[in-house]
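Shown next, in structure tokens, is the structure this report addresses.
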Amino acid sequence: MPLFISKRDTDDKLRRKVMEISGQNFQTCFQCGTCSGSCPMADHITVIPRKIMALLQLGNKKALEEANTPWICASCHTCMVRCPRGIDIPRVMEALRLLKLRRNIDHVELKKIKPEEVSDLPQIAMVSGFRKMTS
Amino acid sequence: MKLSYYPGCTLKTKAKNLELSALAALKALGIEVDELERWNCCGAVYSLADDDLIHLVAPVRDLIRVKESGHDTVMTLCSMCFNTLARANELMKHDEEKRFTINTFMDEEPDYAGEVKVVHFLDFIRDDYGFDKLKEKVINPLTGLKVAPYYGCTLLRPREVAIDKPDNPSVLHRFLEALGATVVDFPSSTTCCGTYQVLGAPEASLRVSHEILGDAVRHGTEALALTCPLCDYNLGRRQDKMLEKYDDAGEVPVYYFTQLMAIALGVDPGISHFELNRKSALELLKARNLIKASA
């Protein structure tokens with residue numbers, strides 16, 4: 001995916017908001033790619049974590065909005081324990097996810113879950129899934 | 001020895017085979033547990049946002065209940081409960097500002113400042129009971145059973161609550177060795193199974209789980225031992241879906257680590273409720289004469 005940088009696309013407010021909610025300084029990311037190489041969900045995300053960090057540094061709101069990465073991130077923290085810059089990437093993903101959830105954009109529709117699935121799933125799957133992907 | 005115990009919701013319903021086998025195994029070791037008289041959901045996942053404190057109220061309340069019960073340590077079996085309780089505890093211990101806000105919000109509860117210690121069953125056995133002592137209690141060793149230890153995420157990450165080294169753990173290896181099993185090491189033993197993404201991205205979590213099982217089999221395992229009810233769902237109960245979708249999928253018996261422990265300690269297999277596992281789990285134990293064929 002080529003990255004086009006234009007002043008029109010940069011949003012400093014978004015960058016500051018993500019820093020505030022996540023408490024993380026993603027400006028220190030030096031693009032080593034360890035996070036993306038460690039990510040178990042890498043095949044299913046549209047933008048790998050390393051690129052999310054770059055987009056945040058640039059404040060590229062549109063590309064960040066379109067990425068499915070924060071929704072597919074399983075918060076397994078593998079990237080975080082391996083990050084040489086000590087960035088807690090799952091916190092950054094949570095911030096990006098929350099910015100959508102707080103605008104009432106849910107990822108999981110409760111009504112679409114079939115009753116047989118509800119009775120089969122362990123409670124911790126339901127509780128954590130709703131906690132992470134619904135507002 | 002009496003130990004304060006926080007079960008969590010799933011252990012009372014879908015993962016009875018985890019709770020009942022663990023409690024029976026502890027009893028065989030002479031350890032009694034004292035389940036908290038009152039407890040509520042831990043929240044299952046820890047909140048990662050700096051401006052979200054309300055989700056910490058649930059785990060902190062549980063920790064207050066432990067303190068009230070007069071115990072200084074609480075033991076958990078569910079990996080997710082362990083993670084949420086341990087992280088909430090760390091925050092209450094170290095973040096003065098957030099501790100003040102949470103304590104002020106729960107003004108009818110006694111103040112809490114991280115006084116309780118949160119342990120998981122596995123680090124309790126390792127640090128307080130000891131693997132050598134466990135080995136002595138084994139009367140039905142799992143000799144010849146090739147088991148791969150699967151850790152998942154929440155016991156090892158993040159670092160501040162990890163019960164072992166996040167990238168090179170050994171606690172479950174040593175636990176299974178003490179039970180007499182042949183431990184099969186495999187690279188994916190700490191790879192995430194896809195967790196709650198079974199709700200949001202079911203295909204993605206199915207693929208990750210399938211790859212983990214495939215990796216374990218390629219390294220010569222016959223069975224997987226795991227600790228978390230959500231891992232059990234993804235890696236064990238969703239094997240039917242894997243068999244439907246992937247040509248190279250096969251049956252892999254999946255056990256809770258405590259079920260294998262109970263068998264090794266000679267506990268009546270009925271207590272471990274193998275009917276809640278895949279059929280292959282009980283069949284393998286019978287084929288190896290670890291359980292009488294009539295059971």
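The values are calculated or read from the model by the stated rules, or taken from the named source; none is laboratory data. Being a predicted model, the structure only gives us computed values, none of them experimental. Cβ: placed from backbone, ideal geometry, glycine included. Neighbour counts: every protein chain shown. Note: areas computed on protein heavy atoms with side chains; ligands, DNA, RNA excluded. Shrake-Rupley method; radii C 1.70, N 1.55, O 1.52, S 1.80 Å.
I'd like the accessible area for residue A:81: 1.4 Å probe, protein heavy atoms, all chains in place, Å² to the nearest 10.
Approximately 20 Å² of residue A:81 is accessible to the 1.4 Å probe.
Would you calculate the separation in nanometres between label points at residue A:105 and residue A:7, each defined as 7 Å from the Cα along the Cα-to-beta-carbon direction?
Using points 7 Å along Cα→Cβ, the separation is 2.6 nm.
Stretch residue B:107-residue B:50 to full length: gain in nm at 0.36 nm per residue minus the Cα-Cα span?
Details: separation 57, 0.36 × 57 = 20.52 nm, distance 2.15 nm.
Here the answer is 18.4 nm.
In nm, to one decimal, how far is the residue A:119 label point from the residue A:68 one, both placed 7 Å along Cα→Cβ?
3.1
Through the Karplus equation 6.51 cos²θ - 1.76 cosθ + 1.60, θ set to phi - 60°, convert the phi angles of the range A:57-68 into ³J(HN,Hα) values in whole Hz; use x for Gly and Pro.
3J(HN,Hα) across the range A:57-68, in whole Hz: 4, 7, x, 7, 4, 4, 5, 5, 4, 7, 5, 8.
Considering amide H positions built from the backbone, and no H for Pro or chain starts, which residues 5 or more places from residue B:191, or on another chain, come under 5 Å of its amide H?
Amide H neighbours of residue B:191, under 5 Å, 5+ apart: B:152.
Set the Förster distance to 22 Å, then compute FRET efficiency between residue B:243 and residue B:185 from the Cβ-Cβ distance, nearest 0.05. Don't jump to the answer; show the numbers that get you there.
Details: r = 26 Å, r/R0 = 1.17.
It comes to 0.30.
Considering only C-alpha atoms, what is the centroid distance from the range B:82-111 to the range A:69-135, in Å?
For the range B:82-111 versus the range A:69-135, the Cα centre distance is 23 Å.
I need the fraction of alpha carbon pairs in chain A separated by more than 28 Å, rounded to a whole percent. Let's see the in-between values first.
Numbers: 1703 of 9045 pairs.
Value for chain A: 19 percent of Cα pairs lie more than 28 Å apart.
Applying a 10 Å radius around every beta-carbon, put B:31-39, B:152-160 in order of their mean neighbour count, most first. Walk me through the intermediate numbers first.
Details: B:31-39: 14.1, B:152-160: 22.3.
Ranking, from highest mean packing down: B:152-160, B:31-39.
With a 10 Å radius around each residue's Cβ, average the other Cβ atoms per peptide and rank B:135-141, B:271-277, B:85-91, highest first. Walk me through the intermediate numbers first.
Numbers: B:135-141: 14.6, B:271-277: 19.1, B:85-91: 23.4.
Result, highest mean Cβ count within 10 Å first: B:85-91, B:271-277, B:135-141.
Report ³J(HN,Hα) in whole Hz for each residue of the range B:52-68, in order, from the Karplus equation J = 6.51 cos²θ - 1.76 cosθ + 1.60 where θ = phi - 60°; Gly and Pro get x.
3J(HN,Hα) across the range B:52-68, in whole Hz: 10, 9, 4, 6, 8, 4, 4, x, 5, 4, 4, 5, 5, 4, 5, 4, 4.
For residue B:3, enumerate residues with amide H under 5 Å from its amide H, sequence gap 5+ or separate chain, H modeled in the peptide plane.
Here B:32, B:33, B:34 satisfy the definition.
Give the shape of the range A:1-63 as rounded, prolate or oblate, defined through the alpha-carbon gyration tensor: a ≥ b ≥ c are the square roots of its eigenvalues, a/c under 1.5 means rounded, and otherwise the shape is prolate if a/b is larger than b/c and oblate if not.
Values: a/c = 1.93, a/b = 1.32, b/c = 1.46.
Oblate, because a/c is 1.5 or more while a/b does not exceed b/c.
Helix-only mean residue ellipticity at 222 nm, the protein assembly as shown, DSSP H runs n ≥ 4 weighted -39,500 (n - 2.57), per residue, nearest 500. What is it? Please list the in-between numbers first.
Values: 21 runs with 186 residues, N = 430.
Mean residue ellipticity at 222 nm (helix-derived): -12000 deg cm²/dmol.
Just checking chain A: which Cys have no other cysteine's beta-carbon under 4.7 Å?
A:29, A:32, A:39, A:73, A:83
Determine the shielding of peptide B:206-214 by partner chains: average, over its residues, the number of Cβ atoms on other chains within 10 angstrom of each Cβ. Intermediate values should be presented prior to the final figure.
Values: counts 0, 4, 7, 1, 0, 2, 1, 0, 0.
Shielding by partners across B:206-214 averages 2.
Looking at this model, which pairs from B:12/B:117; B:137/B:292; A:51/B:241; A:132/B:12; A:13/A:112; A:13/A:100 are more than 25 angstrom apart at the alpha-carbon? Each step should come with its number before you reach the end.
Details: B:12/B:117 23 Å; B:137/B:292 20 Å; A:51/B:241 33 Å; A:132/B:12 23 Å; A:13/A:112 35 Å; A:13/A:100 15 Å.
Exceeds cut-off: A:51/B:241; A:13/A:112.
Counting just the Cα atoms, what span does the protein assembly as shown cover along each of its three principal axes? Round to the nearest Å and put the largest first.
Extents along the principal axes: 73, 57, 42 Å.
Let me know the mean shielding of B:74-85 by other chains, meaning the per-residue number of their Cβ atoms within 10 Å of its Cβ. Spell out each step's value before the answer.
Values: counts 0, 0, 0, 0, 3, 1, 6, 1, 0, 1, 2, 0.
Partner-chain Cβ atoms within 10 Å, mean over residues of B:74-85: 1.
Once you keep just the Cα pairs under 8 angstrom separated by 6 or more residues, what percentage relative contact order results for chain A? Don't skip to the end; give the middle numbers.
Details: 139 pairs, mean separation 33.5, N = 135.
In percent, rounded to a whole number, it is 25.
I need to check one value: relative contact order of the range B:1-154, counting alpha carbon pairs closer than 8 Å and at least 6 residues apart, in percent. Working shown, then result.
Numbers: 188 pairs, mean separation 35.7, N = 154.
Answer for the range B:1-154 is 23 percent.
For a label point 7 Å from the Cα of residue B:40 along Cα→C-beta, name the residues of the range B:1-26 whose backbone N is under 18 Å from it.
Flagged as within label range: B:6-10.
Determine the order of B:73, B:104 by accessible area, beginning with the largest, at a probe radius of 1.4 Å.
These residues rank, largest area first, as B:104, B:73.
What is chain B's relative contact order, in percent, from Cα pairs under 8 angstrom and six or more apart in sequence? Display every interim value, and only then the final one.
Details: 509 pairs, mean separation 56.8, N = 295.
The value is 19 percent.
Given a 10 angstrom Cα cut-off, can you work out which residue in A:103, A:85, A:15 is the most mobile in a GNM of chain A?
Judging by the Gaussian network model, the answer is A:103.
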